Amino acid sequence: MNHTGHVVGGIIAGGTVCFIASVTGDIELGWDTFNEMKDSPLSPTQNTRTILGLFLTSLFMSLFPDLDVHSVFQRWFFRIVFILLGLMHFTGRHDLFVIVSFCAILPLLHQHRGWTHWKITPWAIAVFLAVVQEYFLAKNRWSSGFEWENVVDLLKNYWLFVIACVVGHYIHLFLDARSMRWLKFISNDSDHH
């Protein structure tokens, strides 16, 4: 699959996850939400932030497996990460700085179609992020240190983001599958990267 196909797949995955979140009642999705985004884009409500977060997580994870390929997408990804790291540093969000730093270099640690294309990868990423977040939270707690129960609670509380991570990643794997070559709109010959 080419880059454009993965972007379209990510948009579909993001829309699907937002629809699931709407059906479960975790977010409100409708014309009022879109008008709210249009009217005050610089001061979004929690609902709007959740929608954007879910959508962008799915889109990002649909592109994540191909970050190990030298491409326009990879260059833009690292430009955006550079800006985000600067913002996180100067706003004092060192916990996010560390998480984004580690996650940004992960795809470069192996060859293409290595671990980034494994089916367990999105689950491992979700657990890894929860563990790192618990580590930073534990450092600031007086009463107790790191606790695995808190990691599980974090995954339960943010289950929609775990789903967004998994759906986005799996749509990438689905679009890369050799068995999908019969669909004319999917251009995924054996050396598509």
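All of the numbers you see were taken from the coordinates with simple rules; none came from a lab. Remember, it's a predicted structure, so these values are computed and weren't measured experimentally. Using ideal geometry, Cβ is built from the backbone for each residue, glycine included, and neighbour counts are taken over all protein chains shown.
Just need the Rg to Rh number for the stretch 96-146, please, alpha carbons only, Kirkwood Rh. All intermediate terms of the calculation are to be shown ahead of the outcome.
On the way: Rg = 13.6 Å, Rh = 12.4 Å.
Rounded to two decimals, Rg over Rh is 1.10.
Can you tell me which of 51-58, 168-175 comes out highest on packing, and rank the rest after it, using the mean Cβ neighbours within 10 Å? Mind dumping the intermediate values first?
On the way: 51-58: 20.9, 168-175: 22.4.
Result, highest mean Cβ count within 10 Å first: 168-175, 51-58.
Output the Kirkwood hydrodynamic radius of the chain, Cα pairs only, in Å rounded to one decimal.
Details: mean 1/r = 0.0551 Å⁻¹.
Answer for the chain: a Kirkwood hydrodynamic radius of 18.2 Å.
Can you tell me what the convex hull of the Cα atoms of the stretch 1-57 projects to on average, as an area in nm²? Let's see the in-between values first.
Details: hull surface 17.2 nm².
For the stretch 1-57, averaging the hull's shadow over all directions gives 4.3 nm².
Using a Cα-Cα cut-off of under 17 Å, which aspartates and glutamates could be cross-linked to K156, ignoring same-chain neighbours fewer than 8 residues away?
Answer for K156, where 17 Å is the Cα cut-off: D26, E134, E147, listed by chain and number.
Starting from the Cα of K119, draw a straight line to each of the aspartates and glutamates and keep only those under 19 Å, dropping any in the same chain fewer than 8 residues away.
Candidates past the 8-residue exclusion: D66, D68, D176.
For the stretch 54-69, take each phi angle, set θ = phi - 60°, evaluate the Karplus expression 6.51 cos²θ - 1.76 cosθ + 1.60, and give the result in whole Hz per residue in order, putting x for glycine and proline.
5, 4, 5, 5, 5, 4, 4, 5, 6, 9, 3, x, 9, 5, 7, 9
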